[in-house]
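Worksheet: one structure, shown below.
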There are 2 protein chains.
Amino acid sequence: MGDACSSPQRSGGARPTTDFTRTRALFHLPEGVIYLDGNSLGPLPLAARERVARLLRDEWGEMLIRGWNDAGWMDQPGRIGERIGRLIGAPAGTVVMGDTLSIKVYQAVAAALEMRPERRVILSDHGNFPSDLYMADGLIRSLGRSHEVRLVAPEEVADAIDRNVAVLMLTEVDYRTGRLHDMARLTEAAHAAGALTVWDLAHSVGALPIDVRAAGADFAVGCTYKFLNAGPGAPAFIYVSPDHIDHVRPALSGWLGHDAPFAFDLDYRSGPGIERMRVGTPPIIAFAALDAALDIWDEVEIDDVRARSMELGERLIAEVETRCPDLVLVSPRQAEERGSQVSFRFEHAWPTMQALIDRGVIGDFRAPDVMRFGIAPLYLDAADMVRAAEILTEIVAERQWELPQYQERRAVT
Amino acid sequence: MGDACSSPQRSGGARPTTDFTRTRALFHLPEGVIYLDGNSLGPLPLAARERVARLLRDEWGEMLIRGWNDAGWMDQPGRIGERIGRLIGAPAGTVVMGDTLSIKVYQAVAAALEMRPERRVILSDHGNFPSDLYMADGLIRSLGRSHEVRLVAPEEVADAIDRNVAVLMLTEVDYRTGRLHDMARLTEAAHAAGALTVWDLAHSVGALPIDVRAAGADFAVGCTYKFLNAGPGAPAFIYVSPDHIDHVRPALSGWLGHDAPFAFDLDYRSGPGIERMRVGTPPIIAFAALDAALDIWDEVEIDDVRARSMELGERLIAEVETRCPDLVLVSPRQAEERGSQVSFRFEHAWPTMQALIDRGVIGDFRAPDVMRFGIAPLYLDAADMVRAAEILTEIVAERQWELPQYQERRAVT
């Protein structure tokens, strides 16, 4: 099959326009590493080094406080938000950057609950990322008005939507299995029951085509350090539908969401549109890395990325299933039903992943027994899939996971 | 008087131990600039450039996801929190980094309100930084239980503390005037009335000696981009008294405050001690700059900084009052009652500040008519005070503020 991927989604049989040999060269990939954890932390875009250095030297260093105006720092949450917006189908003026994903979840759910004051249920699924559930839980404990986070299995979500549901809060791509929700269909079902939707796009943005506007999503949030490769702890984003943004009350009503932050009024008055979802002083150094990372997307067609991701995922599944029958696929078998990752269940998942990492194949472990492999087409190719499967096969066949050095370490992210 | 400052606070007449010529050399200060806005955004510590470059190159670039463990990224909020703790008199295990100051205010006030469920008043003053007031306002609107943010004049705070007050929320140093509250005395008064305290140390940390533990503060928060020089939008900190930390319920209950973040439990269970005040994924690139900026404090005695700050402030006041009688001091005249800034009221404050900036004297404007000058002894000396006053005098005497180019710009931070 080789490295050139044809695009099953592209009409007319045209070849993909994205040059993946070129995109791979835009990243620093350590020698000898096959990096299958870009869905946890993307690798370093080479341009980020120079961009950050320039920010420190020419902007912070030389402009000092004047950077807020003269280098446009103050406008970055909105300006970079527009760049994210283009990746998720958001109209201009509906996305803003800042804080962490957990904070953005809180903002979205708080706003949605307030728009449905007579309802008490936040509906989610067991596959949602736990921090989203925790933030919702913390919020409703503060509200103290008998709200409830109701959890069902991912496949039961549609049937669980009823007229008690204020907010349907879901992560589009399951962080463990890669199972992909149908955003448009579930949003339609939620709206039919009078509920609002909050979509977490952490594992979607940069991985597959997203159209929040066409899907009718009310709120969407996400992070930028996974498939967008913006670095550890990079800023999050929030989208608010244009149908709502002018009457959302921000629960986290910080000064930079104020209508006139530098008037220093004593009373809060929310700013225009999406600006009101800003909170505190934006993280300018992190934005420099993010901005450089986003440049890569200017020369990428997301349909090409999706097509290649599906093909690489298929290849990895085929290679692993042929060679390692003890590993059980826990991702959906149909590529269309997966995000950009492939996960296997294996009794010895934890030490096996440690052994893999030692051999340069970096995936990650998710409790209790899942090995997760992120497929990032910008810097991975079919040869990587084959080689990763070969190394995995050796480890499993030789029971290397029994070695004591692989039994003891602690997992992170 | 020259550059060598004797320390009025030091007993026994010993000379200061801090070498301010050396500390000045640790910063990049643009040619021709006298930087009197370090209380808004500190200048670039030279070491931050190399530290950030190394983080990108050797940690993110080479370690990828493994940096969370192998480079200690995951522990940085607590490890750097300890460094901040030493600057504010906080015991080990009581300070953690992350988010923005506004978010930290929200966490502190939410926790304090929950500890005083029968009380309804958040008491603050007109001199508090507006974002603190806005965040408290947003919180109580969410709670919807007839809470109230009650504002009084700074000098009336002590008398306004009564048994309805749940939380006394104050900024120790007034961002506009530099007026310094007596943290120990007001905390004692709050406790006597059964209230808790939340102290914002944004304009205190790195400017003057702080002892949150001796003062009995319940919560304290602050930012690191002012006198700590950690860069635009650098992470904030929160302190929680050891008396409370083990029974605080975090309102912003993110996964990294969970007792076992990587167990991915569906239910939230707060982590041990101060760890529970963490929320989302920490901003690792920003931490690299912050960590480098904090190294400077390892060779600085805060009593020396305070003594020099008072002396430089006195000098600036004397020079300006002698030369520019139209400018009215709005900071307290007694150095002991001021933080590390000097502010003047002037009818033409806005265009005058623009003219000053054009001449390389960078202070800032605070609406409606305040010119604010931050005094950061790490990189300023008496000659800077004299020169700044000379340039200000020329601008005022020659009515340069009337020039059209100084009338139109927009203020930022």
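Go through B:Asn128, B:Asn69 for me and flag whichever is part of a loop (DSSP other than H, G, I, E, B) and of a type outside the set (Lys, Arg).
None of the others qualify; the one that does is B:Asn128.
Against the definition (closer than 22 Å to A:Pro272 by Cα, within 14 Å of chain B (Cβ to nearest Cβ) and in a helix (DSSP H, G or I)), how does A:Ala112 come out, yes or no? Break it down stepwise before answering.
Values: closer than 22 Å to A:Pro272 by Cα: yes; within 14 Å of chain B (Cβ to nearest Cβ): yes; in a helix (DSSP H, G or I): yes.
Taking the combined requirement at face value, the residue satisfies it.
Is the stretch B:205-220 home to any residue that is within 14 Å of another protein chain (Cβ to nearest Cβ), of a type in the set (A, V, I, L, M) and touching a residue at least 24 places away in the same chain (Cβ under 8 Å)?
The answer is no; no qualifying residue exists.
Within the stretch B:269-283, how many residues are within 11 Å of another protein chain (Cβ to nearest Cβ), crowded, with 24+ Cβ neighbours inside 10 Å and not basic (Lys, Arg)?
Of the residues in the stretch B:269-283, 5 are within 11 Å of another protein chain (Cβ to nearest Cβ), crowded, with 24+ Cβ neighbours inside 10 Å and not basic (Lys, Arg).
Among what's in the stretch A:286-305 and is in contact with a Pro (Cβ under 7 Å, 6 or more places away or on another chain) and of a type in the set (A, V, I, L, M), pick the residue that is nearest to the other protein chains (Cβ to nearest Cβ).
Ranking the candidates gives A:Ala286 first.
Taking the stated definitions as given, is A:Arg308 within 14 Å of chain B (Cβ to nearest Cβ) and either in a helix (DSSP H, G or I) or among the basic types (Lys, Arg) (or both)? Before the answer, list the steps.
On the way: within 14 Å of chain B (Cβ to nearest Cβ): no; either in a helix (DSSP H, G or I) or among the basic types (Lys, Arg) (or both): yes.
In short, no.
For every residue, the table says whether it meets (1) at the interface with chain A (Cβ under 9 Å from one of its Cβ atoms); (2) farther than 23 Å from B:Thr187 by Cβ; (3) in contact with a Phe, Trp or Tyr (Cβ under 7 Å, 6 or more places away or on another chain).
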{"residue": "B:Ala90", "(1), (2), (3)": "no, no, yes"}
{"residue": "B:Arg116", "(1), (2), (3)": "no, no, no"}
{"residue": "B:Arg119", "(1), (2), (3)": "no, no, no"}
{"residue": "B:Phe129", "(1), (2), (3)": "yes, no, yes"}
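Just name the residue that is surrounded by the most Cβ atoms within 10 Å (Cβ to Cβ) out of those in the stretch B:57-69 that are more than 14 Å from A:Leu29 (Cβ to Cβ) and within 7 Å of chain A (Cβ to nearest Cβ).
Ranking the candidates gives B:Trp68 first.
For B:Ile375, all conditions in the list (1) touching a Gly at 6+ places or on another chain (Cβ under 6 Å); (2) of a type outside the set (Asp, Glu); (3) away from chain A (no Cβ under 14 Å); (4) more than 20 Å from B:Gly32 (Cβ to Cβ) hold save one; what is the number of the exception?
With respect to (1) touching a Gly at 6+ places or on another chain (Cβ under 6 Å); (2) of a type outside the set (Asp, Glu); (3) away from chain A (no Cβ under 14 Å); (4) more than 20 Å from B:Gly32 (Cβ to Cβ), B:Ile375 is out only on (4).
Here is a check on your reading of the model: is A:Arg372 among the basic types (Lys, Arg) and buried (at least 20 other Cβ atoms within 10 Å of the Cβ)?
Yes, satisfied.
So the check is Cβ under 7 Å with 6+ separation or different chains; which pairs have a first residue in the stretch A:136-160 that's free of Cβ contacts under 8 Å to residues at least 60 places away in the same chain and a second one that's charged (D, E, K, R) and surrounded by 20 or more Cβ atoms within 10 Å (Cβ to Cβ)?
From residues that are free of Cβ contacts under 8 Å to residues at least 60 places away in the same chain, the pairs are A:Leu151/A:Asp125; A:Val152/A:Asp125; A:Ala153/A:Asp125; A:Pro154/A:Asp125; A:Pro154/A:Asp174; A:Pro154/A:Arg179; A:Val157/A:Asp125.
Residues checked against (1) over 22 Å from the mean Cα position of the chain (by Cα); (2) of a type in the set (A, V, I, L, M):
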| residue | (1), (2) |
| --- | --- |
| B:Gly144 | yes, no |
| B:His147 | yes, no |
| B:Leu151 | no, yes |
| B:Asp211 | no, no |
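Hey, among the residues in the stretch B:294-315 that are crowded, with 24+ Cβ neighbours inside 10 Å and touching a Phe, Trp or Tyr at 6+ places or on another chain (Cβ under 9 Å), which one's nearest to B:Ile395 (Cα to Cα)?
Top of the filtered list is B:Arg308.
Which condition number does A:Gly38 fail, the rest of (1) more than 7 Å from every other protein chain (Cβ to nearest Cβ); (2) buried (at least 22 other Cβ atoms within 10 Å of the Cβ); (3) in a helix (DSSP H, G or I) being met?
(3)
Could you tell me which of the residues A:Leu186, A:Leu266 is among the aliphatic types (A, V, I, L, M) and in a loop (DSSP other than H, G, I, E, B)?
Unique residue meeting the criteria: A:Leu266.
Hey, can you tell me all the residues within the stretch A:221-273 that are free of Cβ contacts under 8 Å to residues at least 24 places away in the same chain and among the basic types (Lys, Arg)?
Selection gives A:Arg269 alone.
Values quoted throughout were computed directly from the atomic coordinates according to the rules given, and no laboratory measurement underlies them. Keep in mind that this is a model prediction, so the values were computed, not measured. Reconstructed Cβ throughout: ideal geometry from the backbone, glycine too, with neighbour counts over all protein chains shown.
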